[in-house]
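Right, one structure below, let's go through it.
The values are calculated or read from the model by the stated rules, or taken from the named source; none is laboratory data. Just so it is clear, the model here is predicted, and its values are computed rather than measured. A quick note on method: Cβ atoms are made from the backbone with ideal geometry, for glycine too, and the neighbour counts reach across all protein chains shown.
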There are 2 protein chains.
Amino acid sequence: MKLKPLLALLITAHLGSAFAADDPLSAWNSGHAKQAIETWVKETTSSNSKDFIPVSQRYVVFDNDGTLWPEAPLTFQLQFVIDEIKRLAPQHPEWNNDALVQAVINNDMKVVMQSGKKGLMQLMALTHSGMTTEEFSQRVSNWVDNHRHARFGCRYDQLGYQPMRQLLDYLRDNGFKTWIVSGGGIDFMRVLAEKMYGIPPEQVVGSFSLSEFSLTDNGTQLRKTMNGAFYDDEAMKPVAIHLFMGRRPVGAFGNSDGDVPMLQYTSANPTYKTFGLLVHHTDAAREYAYDAHPPASGTLISGLRLAPQKGWVIVDMKKEWKTVFDPSLCAADQSSE
Amino acid sequence: MKLKPLLALLITAHLGSAFAADDPLSAWNSGHAKQAIETWVKETTSSNSKDFIPVSQRYVVFDNDGTLWPEAPLTFQLQFVIDEIKRLAPQHPEWNNDALVQAVINNDMKVVMQSGKKGLMQLMALTHSGMTTEEFSQRVSNWVDNHRHARFGCRYDQLGYQPMRQLLDYLRDNGFKTWIVSGGGIDFMRVLAEKMYGIPPEQVVGSFSLSEFSLTDNGTQLRKTMNGAFYDDEAMKPVAIHLFMGRRPVGAFGNSDGDVPMLQYTSANPTYKTFGLLVHHTDAAREYAYDAHPPASGTLISGLRLAPQKGWVIVDMKKEWKTVFDPSLCAADQSSE
């Protein structure tokens, strides 16, 4: 009968897709990274395991830029700053005489980068202070609605890494509380994190400044300022974790040397078996390859050096990730697969 | 038959106790406060109500000192400071020449109070900085284990107000996420909040300073400092709520004018029907009566003035609370009931 092979094919195809759907980490290739993740989760969540971690202690922290979404060639937030400066410029004739602002408007990124931290803080002040917290969130939402990533052609909120989004889901399904601890702005990330990653605002920790409270004619307002600026990177990440979370994490996931102190703090947890992971950007075809130019330049040097002795898992994107972006959200990734 | 009345009595008694046990707010007297709480919870959690609040938005904030536990005549944390100074003094001969420290050791509270904010910060520095975050938590635990409240004779962690602890449980049972937002020290409160109130550390917001991260021979450490001190009171409470929580609350519970901005910020929520409540300390027999001496002195003056126009519920402790402390934890309250 001719139907049989067709039937077999249909059944196989059905089972195949069912199996894929059953794999919570289907965007990961079978390999040491996926295996290490699954082993650690099994060891720490099986109630009869010697490494069992009570649910109340399952706190894991993720960097954002370069760990959950791309950071090259510019961070999303810096692109937002640039787009906002251009949008706001017509209302600010006084900016005509500002060399740095003019460089932004003219896409002279060399001048922008050379302006260093001082220049960046000036641009942050122009785009991240003065408005109410609600207005700022609305501006970020509007920006997301009206801009597409230059290379991938997708909305920015479609560009979370699919394997990492699956990892967040997988960890939550196993009782872990997922946190972002990032150098990105706390108010900027919070607009996106719930939709993109399923992470509520209070579990998003980032760089921040203090807002200013006042009464208004019909209520109250919080206005963003640059006061008390806290830059959540490097040694300040463990500080922020203690301040916001109040527990030492059992897992830490990053991609650069700025995440190393957070991984060190986590690995030194005196009570529980911990997990550390670093995303290694090796995939110029599907994303970017930029983080390590041995022996000494790049954004991930000490992380790679420390990983073997600390037992941190290095995720070589090119090898370990089946897809980079979710093709159902964004087709960017498909051409180069 | 003689059995009938007895049977009836037994059934009535049984039903009576069953009803009491079924009442999640059994430590509250029937009255306007209890009724207002129940009405708001019903209105905002019944899915067919016009005032329904989605679970993801049910964030409520509680002050701690004077709202969840006593603050008179000294806050628990100031008592901890005093007890710590006395405990540590033998190791610090250099304190012999310090007039303020000597006043603490000699229980000369008049001098301590007159030293003002500057003096208080000095005492805080001596007892809240220099040690690791873990050492500090251990010191707070040791203090709780080894001290009793002078008037009530109970451990400090037995002195949460029973009606408010029930209210926290009741709100959580109805899908609300309960937060502490207090002028108390964040690290101090976090040691106690989980056990006393069922509130995990990340939902405890308070005054804070930044810790300092470093590597050690066998791991990492976070050492407490006085840097970047943030005093979480008055207009800084909404600022802290935005920073830590990232949402505007739908309910706010306090007891003093320092909580008024937090209640104003909550009441001005543009989207949801909110709830505001102020505990009014009127009960010298069972606790303390100290907060309002009209027309102008006291810790709860503008709160009482604003309450009627804002719709905030004033909880007259003497009238509204059946018990102040949980008699199963602490017998303090029983003699005067």
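Remarks
- Residue list for region A:217-236, filter: in contact with a strand residue (DSSP E or B) (Cβ under 8 Å, 6 or more places away or on another chain) and among the acidic types (D, E): A:D232, A:D233
- Test: residue in region A:170-187 that is at the interface with another protein chain (Cβ under 7 Å from one of its Cβ atoms) and either more than 16 Å from the chain's Cα centre (by Cα) or part of a helix (DSSP H, G or I) (or both): no
- Test result for B:F208, modelled with pLDDT of 95 or more, out of contact with any Cys (no Cβ under 6 Å at 6 or more places or on another chain) and within 13 Å of chain A (Cβ to nearest Cβ): yes
- Answer residue from region A:52-65, given it is not in a loop (DSSP other than H, G, I, E, B) and not charged (D, E, K, R) and is nearest to A:V191 (Cα to Cα) among those: A:F62
- Criterion (within 29 Å of A:V324 (Cα to Cα), polar (S, T, N, Q), modelled with pLDDT of 95 or more and touching a strand residue (DSSP E or B) at 6+ places or on another chain (Cβ under 8 Å)) met by exactly one of A:S214, A:S267: A:S267
- At least 2 residues being within 17 Å of the chain's Cα centre (by Cα) and more than 21 Å from A:D187 (Cα to Cα) is the threshold, and among the strands (runs of 3 or more DSSP E) wholly inside region A:209-262 those reaching it are A:251-254.
- Boolean, A:L222 is at the interface with chain B (Cβ under 9 Å from one of its Cβ atoms), closer than 26 Å to B:N269 by Cα and crowded, with 19+ Cβ neighbours inside 10 Å: yes
- Qualifying residue in region B:148-157 (condition: over 20 Å from B:M226 (Cβ atoms) and either free of Cβ contacts under 8 Å to residues at least 12 places away in the same chain or within 14 Å of chain A (Cβ to nearest Cβ) (or both)): yes
- Criterion violated by B:Y170 - all others in (1) touching a Pro at 6+ places or on another chain (Cβ under 6 Å); (2) more than 22 Å from B:W321 (Cβ to Cβ) satisfied: (2)
Here's the yes/no breakdown for (1) within 25 Å of the chain's Cα centre (by Cα); (2) assigned to a loop (DSSP other than H, G, I, E, B); (3) surrounded by fewer than 13 Cβ atoms within 10 Å (Cβ to Cβ); (4) of a type in the set (D, E):
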position: A:A33; (1), (2), (3), (4): yes, no, no, no
position: A:S47; (1), (2), (3), (4): no, yes, yes, no
position: A:K50; (1), (2), (3), (4): no, yes, yes, no
position: A:T67; (1), (2), (3), (4): yes, yes, no, no
position: A:A72; (1), (2), (3), (4): yes, yes, no, no
position: A:Q79; (1), (2), (3), (4): yes, no, no, no
position: A:W95; (1), (2), (3), (4): no, no, no, no
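- The residue of region A:194-208 that is surrounded by the most Cβ atoms within 10 Å (Cβ to Cβ), among those that are free of Cβ contacts under 8 Å to residues at least 40 places away in the same chain and aliphatic (A, V, I, L, M), is A:V204.
- Taken over region A:282-322, residues that are in a loop (DSSP other than H, G, I, E, B) and out of contact with any Pro (no Cβ under 9 Å at 6 or more places or on another chain) amount to 12.
- Any hit, region A:240-249, residues being more than 12 Å from every other protein chain (Cβ to nearest Cβ) and more than 30 Å from B:S267 (Cα to Cα): no
- Region B:107-134 - residue that is free of Cβ contacts under 8 Å to residues at least 60 places away in the same chain and under 14 Å from B:L88 (Cα atoms) and, of those, surrounded by the most Cβ atoms within 10 Å (Cβ to Cβ): B:T127
- Flag for B:L215 being out of contact with any Lys or Arg (no Cβ under 9 Å at 6 or more places or on another chain) and either without any contact (Cβ under 8 Å) to a residue 24 or more places away in the chain or more than 12 Å from every other protein chain (Cβ to nearest Cβ) (or both): yes
- Positions within region A:97-148 being polar (S, T, N, Q) and part of a helix (DSSP H, G or I), in sequence order: A:N97, A:Q102, A:Q114, A:Q122, A:T127, A:T133, A:S137, A:Q138, A:S141, A:N142, A:N146
- The set of residues in region A:159-168 being more than 12 Å from A:F76 (Cβ to Cβ) and either aliphatic (A, V, I, L, M) or in contact with a helix residue (DSSP H, G or I) (Cβ under 9 Å, 6 or more places away or on another chain) (or both) consists of A:Y161, A:Q162, A:P163, A:M164, A:R165, A:L167, A:L168.
- Sole exception among (1) at pLDDT 95 or above; (2) under 28 Å from A:K86 (Cβ atoms) for A:L120, by number: (1)
- Residue tally, condition farther than 23 Å from B:K318 by Cα and either out of contact with any helix residue (DSSP H, G or I) (no Cβ under 9 Å at 6 or more places or on another chain) or not polar (S, T, N, Q) (or both), over region B:41-66: 18
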